Structure formats: structure tokens, C-alpha cells
Amino acid sequence: MARLALAVDLGGTNLRAAVVNRDGDIQAETQQRTQSSDGPDAVIERIAAAVNDIAESNQVPNDVPVGLASPGPLDPRTGVVYFSPNLPGWTNIPLAAKLRERTKREVVLSNDANAAALGEVFFGAGKGTRNLLYLGLGTGVGGGIYSEGLLIDGVRGMGGELGHVTVDLNGPRCTCGSVGCIEAYTSAWALTRDALALVDSGRGDAILRAAGDRDNVGPRALGQAASDGDAATLALLERAGHALGAGMASFVNIFNPEVIAIGGGVSLIGDPLLEPARRALATFAMPIMLENVKVVPSQLGVKTGIYGAAALVFYDGPR
């Protein structure tokens with residue numbers, strides 16, 4: 001049973017590497033810009049250098065694996081990233097194999113949201129649970145499913161796309177091509193779209209004041225306007241939260257979880273978004289299913305990617 005992990009959080013903006021033990025202690029950590037515009041090979045070289053440097057400087061044994069949380073649809077079995085919206089040029093990239101070659105270590109790869117679910121189980125809001133759902137409300141909406149001690153990710157490792165579950169057949173178009181997805185209501189891009197529509201309608205003065213200018217309109221400004229009691233902003237977040245809660249109700253009815261952990265920057269809006277979600281959950285879920293489920297904020301914050309990547313190494317379920 002592994003007691004130590006080399007954890008890598010690969011993001012479109014930042015690349016983080018860390019040494020993490022099974023108790024969740026981060027013994028060393030580095031961060032640099034991903035510089036994704038340089039292309040896949042340059043980024044992979046950067047990852048390998050970060051891993052090798054932190055391993056050498058902390059005397060990490062050669063048999064300690066690398067856990068890597070990566071954005072975009074990928075296959076954790078083959079280690080191939082199919083594509084990533086935040087990483088230009090990443091199409092069918094054999095990331096695990098390339099990194100294994102450059103580090104001479106075992107590499108465990110997973111979608112960042114699936115890894116986050118494991119991170120919450122091992123180190124965060126779901127520590128000790130065998131049934132948890134993770135929802136990451138960020139630029140998009142990611143999800144991860146941990147059911148009876150197993151990470152559920154489907155035949156090719158792409159399962160758990162909870163943000164792309166439809167909650168409104170006549171809803172707004174999503175970036176995935178479908179309509180009415182949870183992401184089309186509660187992601188940063190969707191909330192920014194709706195906030196700008198309010199500004200353009202003349203009813204978004206509070207949002208604009210909170211943002212400072214139109215270019216900064218987004219979830220943070222919405223959170224401030226909501227805390228100031230702006231009625232139009234609260235109505236916007238009520239709608240978004242209702243969609244989120246309807247989706248959570250479906251997940252509760254399907255998976256019967258103990259914990260729904262909600263993370264990501266959008267979740268920092270707090271109660272103006274999450275209270276409508278809790279009300280919708282209570283409306284749409286089977287009552288008996290609600291008896292054992294708790295909706296809680298992520299406890300991992302900005303370290304979610306690192307802890308998720310480490311948990312990939314410590315997880316002993318099927319891959």
C-alpha cells in the first residue's frame with residue numbers, strides 16, 4: 001500500500017507538483033505557469049522536469065508513482081488525453097506513456113473532476129465515506145462519482161460528466177452541443193452570460209458596480225451584488241441554483257450518496273446559489289433518499305487538484 005505520492009495538477013493556466021503522504025500532508029510543492037500555447041510536448045517536458053526535480057530534492061524513492069489530474073476527456077486505462085479545451089493542440093496525446101518515459105515512474109492519470117472526487121474521499125469533505133458525488137463549479141461544471149468504494153467512470157474512463165446532465169429540455173445551449181445542461185446554468189461562463197444580459201437590459205447596475213467595469217462581470221461580481229441584496233442578481237442566482245438542485249436530485253435518486261461535495265470558484269458565491277439548490281433538491285429527490293445525504297462545501301479549496309492527484313495513487317480500486 002503506497003504511503004507517498006508524487007501529485008501533479010495540470011491546468012490550463014498553472015502546473016503544480018507536490019509530494020503528499022497518505023495522511024494528506026503536503027511535504028513539498030511547486031507551481032509554475034503551464035504555458036500551454038507552447039504545445040503538448042513542451043508542457044509534458046515541463047511536467048516531467050517538475051516531477052523529477054521535486055522527487056530528487058525530497059529524496060522520493062523511485063518506486064513512488066505519479067498521480068496526474070488532467071482536464072479534458074481522457075482514458076485513464078490507456079493514459080491518452082483525447083482533447084482538452086484549455087490545452088491547445090492536445091488531441092489523442094499519450095500523456096501517461098510520455099511522462100512514464102521521462103520520469104521512469106508509474107503514472108496514474110485521471111480526469112481532474114474524477115480525481116477531485118477521490119480527493120474529497122481521502123482528504124476532504126467525504127473522508128471515510130463510501131458514497132460521494134463531487135461537483136466542481138468552475139469555468140465549466142465537472143463531476144465525479146464514488147459509489148460503494150469505487151470510482152465510477154465508465155467503459156472508457158469518461159463517465160461522471162455530471163455537469164452535462166440535462167435539466168431543461170428547452171434550456172440554453174451548452175458548450176458541449178446539447179441544451180439545458182447544468183453547466184449551461186451554473187458554470188462561470190453561463191453566469192457571466194446571464195449577468196451581462198442583465199447589464200445590457202439596464203437591470204444590472206449592482207453587478208456593474210461590483211465588477212467595476214464590463215470586462216470584470218462574472219461570478220465574483222454576482223456574489224457581491226447578491227450580498228448587497230440586489231433583487232435582479234438574487235433572481236438570476238435563484239434560477240441557476242434551481243437548475244443545480246434539480247440535477248443533484250437526479251444524482252441522489254440514481255446513486256443514493258451520503259455526501260455531495262461542491263467545490264470550484266463559482267461555489268464561493270455561497271448561499272444565494274446553494275440555498276435554491278438545496279430547496280430544489282428537496283423538491284425533486286425521492287424523500288427517502290434525502291434522509292442520509294449531506295450537501296457540503298469542498299474542504300480542499302485551491303488544493304483540490306493536488307489532493308485529487310495524490311488520491312489517484314492511494315486509491316486501490318479498479319482502474
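Select from region 27-107 those trypsin sites (Lys or Arg not before Pro) which occupy a DSSP coil region and have at most 15 other Cβ atoms within 10 Å, ordered by residue number.
Numbers: sites: ARG33, ARG46, ARG77, LYS98, ARG100, ARG102, LYS104, ARG105; in loops: ARG77, LYS104, ARG105.
Passing both the DSSP loop test and the Cβ count: ARG77, LYS104.
Got a number for carbon plus sulfur as a percent of the chain's accessible area, 1.4 Å probe? Show your work: numbers first, answer last.
Working: 6880 of 13830 Å².
Roughly 50 percent, rounded to a whole number.
Mind checking which lysines have their Cα closer than 23 Å to the Cα of LYS127? Skip sequence neighbours fewer than 8 apart in that chain.
Reachable lysines: LYS294, LYS303.
CYS181: net charge of surrounding residues, Cβ under 11 Å, Lys/Arg +1, Asp/Glu -1, itself excluded? All intermediate terms of the calculation are to be shown ahead of the outcome.
Details: positive: ARG173; negative: GLU161, ASP168, GLU183.
With Lys, Arg at +1 and Asp, Glu at -1, the neighbours total -2.
Based on the mean of other beta carbon atoms within 10 Å per residue, what is the order of 217-227, 164-174, most packed first? Can you show the working numbers first?
Details: 217-227: 22.4, 164-174: 15.3.
The packing order, highest mean first, is 217-227, 164-174.
Using only the alpha-carbon atoms, how far is helix 271-284 inclined from the longest principal axis of the chain? Give it as 0 to 90 degrees, nearest 10.
80
Per residue, how much accessible area does region 207-295 show when a 1.4 Å probe rolls over the protein heavy atoms, in square angstrom? Present the calculation step by step, with values, prior to reporting the outcome.
Details: 4250 Å² over 89 residues.
Here the residues of region 207-295 average 48 Å² of exposed surface.
Could you provide, to the nearest whole Å², the per residue accessible area of region 89-200 with probe 1.4 Å? Don't skip to the end; give the middle numbers.
Numbers: 4280 Å² over 112 residues.
Per-residue accessible area for region 89-200 comes out at 38 Å².
How big is the chain along each principal axis, measuring the range of its Cα positions in Å and listing the largest first?
Taking max minus min along each principal axis of the Cα atoms, the chain gives 59, 46, 33 Å.
The values are calculated or read from the model by the stated rules, or taken from the named source; none is laboratory data. For clarity, every value in this text was computed on a predicted model and none was experimentally measured. Note: ideal-geometry Cβ built from the backbone for every residue, glycine included; neighbour counts use all protein chains shown. The protein model used for the area step is the full one, side chains on, heavy atoms only, and it has no ligands, DNA or RNA in it. Shrake-Rupley method; radii C 1.70, N 1.55, O 1.52, S 1.80 Å.
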